[in-house]
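Participant: Sharing a structure, written as structure tokens. Questions coming.
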Amino acid sequence: MRIGILISGRGSNMTAILQAIKNGRIRAEPAVVISSRADAKGLDTAKEFGVSTEVVKPEDYDGRESFDREVMARLIRHGVTADDLVCLAGFMRIIGPEFVSRYRGHILNIHPSLLPEFPGLHAQRQAIEAGAKKSGCTVHFVDEGVDTPNIIRQTEVDIAGGDTEETLSEKILPLEHDTYVLAVQDVVEGRVIYENGRVIRR
Ligand code: GRF
């Protein structure tokens, strides 16, 4: 299986996946890292791992459909087909229906909350403002919705009284890295699949 990783910034989840591929925990080929921003720090890290990189900037395309088509074209150029895996890792774009249907069941995302709670932006801030006692992270299969809970794995963390958006984010981030690696292993090794709109474990 070949893996394409889509990022927009820091790329710490991408790094966790590339590291796990390098040390043999994830048995897959790192095909390409595609960033929606030319200045994403993750691009430098991907190069350090010797992984091909591409930049596809939304502002160069007139709308989501043509942007998505270019991203898919770059994935295909690097051999990431609909039977492979696309990992969204801090990718600040919503994937459109054409992309989702082409790669259905083969697109993963990480979200910093226990979905279905707190979907969308600033999930950690939402959890603090709601007075939640627990939060965490979720790795899920992407469908046409935003952060739909087609859950592969979740990890919980307690929220302390003094936690802020920043401290909670710092607590959740290392859990994201571990959870994403385990979820990619689940999918690469065929233990978890997405079929007919449902997550199936075998
Ligand atoms: C992570 O918190 C992820 O859950 C969210 O965006 C952040 C990306 O961080 N979707 P990084 O680029 O992987 O370091």
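Participant: Taking 0.36 nm per residue of separation and subtracting the Cα-Cα distance, what length does fully extending residue 121 through residue 57 add? The partial results should precede the final answer.
Facilitator: Working: separation 64, 0.36 × 64 = 23.04 nm, distance 2.01 nm.
Using 0.36 nm per residue and subtracting the Cα-Cα distance, I get 21.0 nm.
Participant: Please compute the Cα-Cα pair-distance distribution of region 51-168 with 5 Å bins starting at 0, giving whole percents from short to long.
Facilitator: 2, 11, 19, 19, 16, 13, 10, 7, 3, 0
Participant: Okay, moving on. Rounding to the nearest 10 and keeping the result within 0 to 90°, find how far the Cα-based axis of helix 12-22 lies from the longest principal axis of the chain.
Facilitator: Between the helix axis and the principal axis of the chain, the angle is about 60 degrees.
Participant: About its Cα centre, what dipole magnitude does the chain give when the only charges are +1 on Lys and Arg Cβ and -1 on Asp and Glu Cβ, stated in debye to the nearest 20? Could you put the intermediate results ahead of the total?
Facilitator: On the way: 25 positive and 30 negative charges, 122 e Å.
Roughly 580 debye for the chain.
Participant: When the scattering of region 154-202 is computed by the Debye formula from its Cα atoms alone, each counted once and equally, what is log10 I(q)/I(0) at q = 0.24 Å⁻¹?
Facilitator: -0.85
Participant: For a protection proxy built on the mean count of beta-carbon atoms within 10 angstrom, sort 24-34, 142-152 highest first, please.
Facilitator: Values: 24-34: 19.4, 142-152: 17.5.
Output ranking for 24-34, 142-152: 24-34, 142-152.
Participant: Also: Which shape class, rounded, prolate or oblate, goes with region 1-57 when its Cα gyration tensor gives a ≥ b ≥ c as root eigenvalues, a/c under 1.5 marks rounded, and past that a/b bigger than b/c marks prolate?
Facilitator: Numbers: a/c = 2.19, a/b = 1.72, b/c = 1.27.
Judged from the Cα gyration tensor, region 1-57 comes out prolate (a/c at least 1.5, a/b above b/c).
Participant: Cross-chain or 8 or more residues apart, Cα under 16 Å: how many lysine pairs in the chain fit that? Count them up, please. All intermediate terms of the calculation are to be shown ahead of the outcome.
Facilitator: Numbers: 22/47; 41/57; 133/171; 134/171.
For the chain, qualifying lysine pairs total 4.
Participant: Moving on to the next point. What is the packing order of peptides 188-199, 51-62, taking the mean over residues of other C-beta atoms within 10 Å and listing the highest first? Walk me through the numbers before you get to the answer.
Facilitator: Numbers: 188-199: 13.1, 51-62: 15.2.
Highest-to-lowest ranking by the protection proxy: 51-62, 188-199.
Participant: Have a look at 122, 140, 97 and report the one farthest towards the positive end of the charge dipole of region 66-191, computed about the Cα centre with Cβ charges (Lys/Arg +1, Asp/Glu -1).
Facilitator: Going by the Cα projections, it comes out as 97.
Participant: Compute the projected area of the convex hull of the Cα atoms of region 109-159, averaged over all viewing directions, and report it in nm² to one decimal place. Write down the numbers at each step before the final one.
Facilitator: Values: hull surface 12.1 nm².
Hull-based average projected area comes out at 3.0 nm².
Participant: Tell me the angle of helix 165-188 to the major Cα principal axis of the chain, expressed in degrees between 0 and 90 and rounded to the nearest ten.
Facilitator: Helix 165-188 and the main axis of the chain meet at about 50 degrees.
Participant: What residues of region 157-181 lie in the reach of a label at residue 129, counting those whose backbone N is under 14 Å from a point 7 Å from the Cα along Cα→Cβ?
Facilitator: 165-166
Participant: While we're looking at this one, here's another question. Starting from 0.36 nm per residue, how many nanometres of slack lie between residue 94 and residue 65 once their C-alpha separation is accounted for?
Facilitator: Numbers: separation 29, 0.36 × 29 = 10.44 nm, distance 1.08 nm.
Full-extension gain reported as 9.4 nm.
Participant: Please report the projected area of region 68-134's Cα convex hull averaged over all directions, in nm². Could you put the intermediate results ahead of the total?
Facilitator: On the way: hull surface 20.3 nm².
Mean projected area of the Cα convex hull: 5.1 nm².
Participant: Could you give the spread of the C-alpha atoms of the chain along their three principal axes, from largest to smallest, in whole angstroms?
Facilitator: Principal-axis extents of the Cα atoms in the chain, largest first: 49, 40, 34 Å.
Every read-out reported here was derived from the displayed coordinates using simple, explicitly stated rules and does not represent laboratory data. In this text, all values refer to a predicted model and were calculated from it rather than measured experimentally. All Cβ positions, even for glycine, are placed from backbone atoms using ideal geometry, and neighbour counts span all protein chains on display.
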